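A.B. asks: I am attaching a structure below and will ask some questions about it afterwards.
The values are calculated or read from the model by the stated rules, or taken from the named source; none is laboratory data. Values in this document were obtained by computation on a predicted structure and should not be read as measured data. Glycine also receives a Cβ, built like all others from the backbone with ideal geometry; neighbour counts cover every protein chain displayed.
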Amino acid sequence: MKNKKQKRNHAADQINSKLVTIAEVNKLKGKVFTAKDVYRRMGAKDMNQFREIAAKKSHSLLMPAREKKPIGKPITACLDYGRLIAKCECGGAEYIDPDDLRFFCQSCGNIETGRRYRPVIIPDEVMDEL
């Protein structure tokens with residue numbers, strides 16, 4: 001029988017297998033993949049519903065607090081192999097929705113902000129690519 005860590009890793013692999021691969025990005029040159037592309041592929045209507053689906057599939061307790069207003073130090077978005085992401089100080093990274101500039105790290109759970117969203121800044125040079 002699988003232990004809890006193996007179950008979490010298997011569930012995370014299932015989620016990641018549905019995300020955008022570098023090969024897909026290369027096929028669609030010029031298209032920047034954002035959080036919207038990811039959550040639509042997972043059958044979610046918005047980022048909040050995607051986080052719920054992802055947390056259930058990975059048996060994660062890392063869900064943002066109910067308060068939706070971002071607080072704390074802003075995190076800067078960047079383009080990475082055609083993906084709009086933000087990299088957390090903990091080493092985790094998440095897709096960003098340019099219409100919903102909130103960041104929640106699934107790796108650390110935004111522990112520094114009490115599991116509250118952090119604001120996202122998208123630099124002008126990145127916005128020009130979207």
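A.B. asks: For segment 80-130, enumerate the residues that are hydrophobic (A, V, I, L, M, F, W, C) and not in a loop (DSSP other than H, G, I, E, B). Give the derivation first.
C.D. replies: Within segment 80-130, the subset hydrophobic (A, V, I, L, M, F, W, C) is 84-86, 88, 90, 93, 96, 101, 103-105, 108, 111, 120-122, 126-127, 130.
Residues satisfying the conditions are L84, I85, A86, A93, F103, I111, V120, I121, V126, M127.
A.B. asks: Determine which single condition L62 fails, assuming it passes every other condition in (1) modelled with pLDDT of 90 or more; (2) in contact with a Gly (Cβ under 6 Å, 6 or more places away or on another chain).
C.D. replies: (1)
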